[in-house]
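Asks: Below is one structure. I have some questions about it.
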Amino acid sequence: MSRVTANQPEGTPTWIELAVPDLDRAMEFYGALFGWAYETETTDAGARYAVGLVGGRRAAGLREVPDAAGGAWTMYMATDDCDGTAKRVADAGGRVLWGPVDIRDYGRAAVAEDTVGARFGLWQGRDRVGCEVVNEPDTLVRNDLVTPDAAPARAFYAAVFGYTLDGNPDMPDVDFTFLRRPDGHEIGGIVGDPSAADAGWATLFEVADTDAAVARAVAAGGTASEPEDTVYVRQARVTDPFGTEIVIGARPSV
């Protein structure tokens, strides 16, 4: 599904947001990379906020925070009961860092930290469901948790969201676990990487052409790794002008 018109099922990645020190520069960079148009507003706390649009549909958020640099995209999981899910986070050994709180009439949100130190959000949509377009070029296609210690992360997310856990026969040399909702739908995965400095949710954006997107990123003032072919996509790591890294990937041509 690429077009989203209603709240996603519990535990589905549903919104992504990045804190940036210079909103205008961020809009310029991500607009060049993904072709986003924007709608802008001011939050109740007085921060400038921009929503990246693909075909007029909301794809991601950029929030201006003067001292933000080199951070990571915050991925929000859908929930039907933000307060109840926040309680399960705490009961499973995680920490609720902010909220739950109402965001105007848009929805109710919280930000939490899991048992391996990775941050993620919760979103109970009301007037806004979160991402209105996913799984197509210039939008979110995947989130995977990368952590040096995968076992406690697997236990935590299974307890909070009821995920089932499956290995990946396509990647026998990688400590990778699929996360699936109770209905069997895959929502992402957990990568155990002992060399990782810390734990965090990695964000993958789909692009139509990885090599062309790398060229756009560099021309707009970012940096990028050389594109490489993997089992599933041709991908590259892109770092924006503030030091935030994302992964971009194009599906193989059929």
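The values are calculated or read from the model by the stated rules, or taken from the named source; none is laboratory data. Because the structure is a prediction, the values reported are computed rather than measured. Glycine gets a Cβ as well: all are built from the backbone with ideal geometry, and neighbour counts include every protein chain shown. Ligands, DNA and RNA are stripped out before the accessible areas are found, and what is left, the full protein with its side chains, is counted by its heavy atoms. Shrake-Rupley method; radii C 1.70, N 1.55, O 1.52, S 1.80 Å.
Asks: Positive end of the charge dipole of the chain (Lys, Arg +1 and Asp, Glu -1 on Cβ, about the Cα centre): tell me which of Ala155, Phe176, Pro9 has its Cα farthest that way.
Replies: Pro9
Asks: At 1.4 Å probe size, with every protein chain present, just tell me what the per residue accessible area of segment 1-140 comes to in Å².
Replies: Heavy-atom accessible area per residue stands at 42 Å².
Asks: Here's something else I'd like to know. I want to verify a result. In a Gaussian network model of the chain, Cα cutoff 10 Å, which of these has the top mean-square fluctuation: Leu122, Leu140, Leu23?
Replies: With Cα springs under 10 Å in the chain, the top fluctuation among Leu122, Leu140, Leu23 is at Leu23.
Asks: Carbon-plus-sulfur fraction of the accessible area of segment 191-254, 1.4 Å probe, in percent?
Replies: Looking at segment 191-254 in its full context, I get 53 percent from C and S.
Asks: Could you pull out which residues in segment 50-73 have an amide N less than 13 Å from a spot 7 Å beyond the Cα of Ala32, following the Cα-Cβ vector?
Replies: Residues passing the 13 Å test: none.
Asks: Using only the alpha carbon atoms of the chain, find the Kirkwood hydrodynamic radius as the inverse mean reciprocal pair distance, in angstroms to one decimal.
Replies: Hydrodynamic radius (Kirkwood, Cα only) of the chain equals 18.5 Å.
Asks: Where nothing but the Cβ of Lys and Arg (+1) and of Asp and Glu (-1) is charged, how large is the charge dipole of the chain around its Cα centre, in debye to the nearest 20?
Replies: So the magnitude is around 440 debye.
Asks: Still on this model: Where nothing but the Cβ of Lys and Arg (+1) and of Asp and Glu (-1) is charged, how large is the charge dipole of segment 57-102 around its Cα centre, in debye to the nearest 20?
Replies: 180 debye
Asks: Let me know the shape class of segment 90-235, please: from the alpha-carbon gyration tensor, a ≥ b ≥ c as square roots of the eigenvalues, rounded when a/c is under 1.5, otherwise prolate if a/b is greater than b/c, or oblate. Kindly include the intermediate steps, with their values, before the conclusion.
Replies: On the way: a/c = 1.71, a/b = 1.19, b/c = 1.43.
Note, shape of segment 90-235 comes out oblate.
Asks: Something else about it: Distance in nm between label sites at Asp105 and Ala90, each 7 Å beyond Cα in the beta-carbon direction?
Replies: Distance between label points: 3.1 nm.
Asks: For segment 47-148, I need the span (max minus min coordinate) of the C-alpha atoms along each principal axis, in Å, sorted largest to smallest.
Replies: 41, 33, 30
Asks: Mean 1/r over all different Cα pairs, inverted: what Kirkwood radius does segment 176-254 give, in Å?
Replies: Computed over Cα pairs of segment 176-254, the Kirkwood hydrodynamic radius comes out at 14.1 Å.
Asks: Name the residue from Trp98, Gly121, Val133 whose Cα lies farthest towards the positive end of the charge dipole of segment 65-143, charges +1 on Cβ of Lys and Arg and -1 on Cβ of Asp and Glu.
Replies: In segment 65-143, that residue is Trp98.
Asks: Normalise the Debye intensity by I(0) for segment 1-98, one equal point scatterer per Cα, no solvent, then take log10 at q = 0.14, 0.18, 0.20 Å⁻¹ and round to two decimals.
Replies: Evaluating at q = 0.14, 0.18, 0.20 Å⁻¹ gives log10 I(q)/I(0) of -0.64, -0.98, -1.12.
Asks: Same structure, new question: As an exercise, use a Förster radius of 30 Å and the Cβ-Cβ distance of Leu97 and Ala197 to find the FRET efficiency, rounded to the nearest 0.05.
Replies: Numbers: r = 20 Å, r/R0 = 0.67.
With R0 = 30 Å, the Cβ-Cβ based efficiency is 0.90.
Asks: Pick out which of Val134, Val233, Val191 has the largest mean-square fluctuation in a Gaussian network model of the chain, springs linking Cα atoms closer than 10 Å.
Replies: Val233
Asks: For segment 205-254 and segment 75-138, write down the distance between their C-alpha centroids in whole Å.
Replies: Distance between centres, Cα-based: 27 Å.
Asks: Size of the dipole of segment 1-107 about the Cα centre, Lys and Arg at +1 and Asp and Glu at -1 on the beta carbon, nothing else charged, in debye to 20?
Replies: 280 debye
Asks: What's the FRET efficiency of Met171 with Asp127 using the Cβ-Cβ distance as r and R₀ = 45 Å, to the nearest 0.05? Kindly include the intermediate steps, with their values, before the conclusion.
Replies: Details: r = 40 Å, r/R0 = 0.88.
Plugging the Cβ-Cβ distance into 1/(1 + (r/R0)^6) gives 0.70.
Asks: If I stretch the segment between Asp183 and Ala158 completely, what's the gain in nm (0.36 nm per residue apart, minus their alpha carbon distance), one decimal? Don't skip to the answer; put the middle values down first.
Replies: Details: separation 25, 0.36 × 25 = 9.00 nm, distance 1.35 nm.
Residue separation times 0.36 nm, minus the Cα-Cα distance, leaves 7.7 nm.
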